[in-house]
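Input: a single structure, listed below in structure tokens.
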Amino acid sequence: MTQWNSTASAAARNLGGNSICCGLTALLPLITGPITAGYRGFAPLLGWLLMVVFCLIVLALAVHLLFDALLFRLASSHETEAAGLAAVDDLLSRMQLRKPDGTPRGLDMRIAGSRRIVWRQRLALAACLVIFAILLFTAGDGQPLC
């Protein structure tokens, strides 16, 4: 396995693991929220809707990162970096997700773009969890629910 193959495979593993971990973490407030809703008058509706929006953003970015991980796996299955990235570009153009351009981006630029999406996902997850913690704290009038 060459250096670029192992880099692409590692990026696919990292993206897949991050998207699953953040996606499952975002589902926790969505699952426990309705359970605690009846307990001490859970939360104002606006806070609840804001939390749901951030959870859905995290889940949408998780799906996007899983798709990116699959693209990196496709690229790493080819012999050369140029052939792998050309296969990814061809797939994206056939799916009409990207128009073919003259100069393809390198592997490092593609990984950097995926890392930016990871940070956006983590920021949305942090906002979701902070809102959920605030809603739980205000539901009990400052008293812990346990």
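The values are calculated or read from the model by the stated rules, or taken from the named source; none is laboratory data. Since the structure is predicted, the reported quantities are computational estimates derived from the model, not experimental observations. Cβ atoms come from the backbone with ideal geometry, glycine included; neighbour counts cover every protein chain shown. Side chains are part of the model used for accessible areas, which takes the heavy atoms of the whole protein and leaves out ligands, DNA and RNA. Shrake-Rupley method; radii C 1.70, N 1.55, O 1.52, S 1.80 Å.
General remarks:
- Some residue of the stretch 52-65 being of a type outside the set (S, T, N, Q) and modelled with pLDDT under 85: no
- Taking the criterion of being open to solvent by less than 50 Å² (accessible area, probe 1.4 Å), hydrophobic (A, V, I, L, M, F, W, C) and under 24 Å from the mean Cα position of the chain (by Cα), the residues of the stretch 69-83 that qualify are 69, 71, 72, 75.
- Counting only residues that are in contact with a helix residue (DSSP H, G or I) (Cβ under 7 Å, 6 or more places away or on another chain) and within 18 Å of residue 64 (Cβ to Cβ), the stretch 123-139 holds 4 of them.
- Candidate set from the stretch 66-84 (those that are in a helix (DSSP H, G or I) and among the acidic types (Asp, Glu)); member that is farthest from residue 14 (Cα to Cα): 81
- In the stretch 84-132, the residues that are at pLDDT below 90, exposed (fewer than 12 other Cβ atoms within 10 Å of the Cβ) and of a type in the set (Gly, Ala, Ser): 102
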